[in-house]
Amino acid sequence: MADFSRDGKWVVYVTYPERDVWRTRVDGAEALQLTHGALRARMPRISPDARQVTFTGDYSGKVMRAWLVNFDGGEPRPATHLAAGAAEVAPAWSPDGARLLFRLDRAVQRNLPQILDLPSGKIEDVPDSEQKLNQRWSPDGKRIAAKGVWTTLTQMRVDYPNWSRNSDYVYFSTRFESGEEAIYRVSLASRNTERVTSLVGTPRAFNEIYNQWVGLAPDDSPLILRSADLQQIYLLSFAGR
């Protein structure tokens, strides 16, 4: 799970299986670990001004919360002051960086996207949004994409929708009844879907959450978490032998 800064110079990512958040330049320089220890993170997002990172995180036995941490390090802090017991999932920045879009899960009301105004701390429901998943704000700030039904873009199974940088397409991963997995995109203008790439034969992470994740690089190239497990064999050369 990774996200790029708006200028494409920085990336934040979650290590697996440790679930720590790191930030680094795209060439690997200036790497900095932003979370440590028992806080298990996922789905990090860089603020538009590259000063903060938001992510979903939880401690063992506790519900998931939306968190904020400074881009240059520091103590992570909860993004909201909601009562314990309601999970806050997949926070995402508004284009101006003043608001967070996240999903609220309560025992009696699940999958309800919310908008948090950061300066005031006020939280509002997204209208007609119950039972929506994997919510994403478009880069132009005009639309929200989610798994559910508002205006239907595609009838296909949708996992981890991502907006293209120009807000013209929504990319997503899908899995067919045959077991085949692929990445598609759908055009907002035409509603036409097209296959971007097949994932057949691509080793994915074994974790149920991580193996479905799809993101986008600054040029809209798809990102996945590839498995590098014990089934792979490497040759090491030792100098002086």
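Odds and ends about this structure:
- Peptide packing for 113-121, 160-168 was compared via the average number of neighbouring C-beta atoms within 10 Å per residue; ordered from the highest value, the list is 160-168, 113-121.
- Oblate is the label for region 1-127. Its Cα gyration tensor axes, ordered a ≥ b ≥ c, give a/c of at least 1.5 and b/c at or above a/b.
- Here's the list of aspartates and glutamates a cross-link from Lys9 could span, going by alpha-carbon distance under 13 Å and ignoring same-chain residues fewer than 8 apart: Asp27, Glu30, Asp49, Asp219.
- Placing pseudo-labels 7 Å out from each Cα toward the beta carbon at Tyr59 and Ser187 gives an inter-label distance of 5.1 nm.
- If R0 equals 35 Å, the separation of the Cβ atoms of Asp140 and Arg195 corresponds to a calculated FRET efficiency of about 0.90.
- Sequence-separation-based contact order of region 151-226, relative, with Cα cut under 8 Å and 6+ spacing, percent: 26 percent
- Inter-site label distance for Asp125 and Asp219 at 7 Å from Cα along Cβ, in nm: 4.4 nm
- Mean Cβ count within 10 Å, highest first, over the residues of peptides 67-80, 24-37: 67-80, 24-37
- Counted charge near Arg99, where neighbours are those whose Cβ lies closer than 11 Å (Asp, Glu -1; Lys, Arg +1): -2
- Straight-line reach from Lys62: taking Cα to Cα under 16 Å and skipping same-chain neighbours fewer than 8 places apart, the aspartates and glutamates in range are Glu88, Asp105.
- Rounded FRET efficiency, nearest 0.05, which uses the C-beta distance separating Arg25 from Arg226 and R0 of 25 Å: 0.75
All of the numbers you see were taken from the coordinates with simple rules; none came from a lab. What you see is a predicted model, and the numbers here were worked out from it, not measured in a lab. Cβ atoms come from the backbone with ideal geometry, glycine included; neighbour counts cover every protein chain shown.
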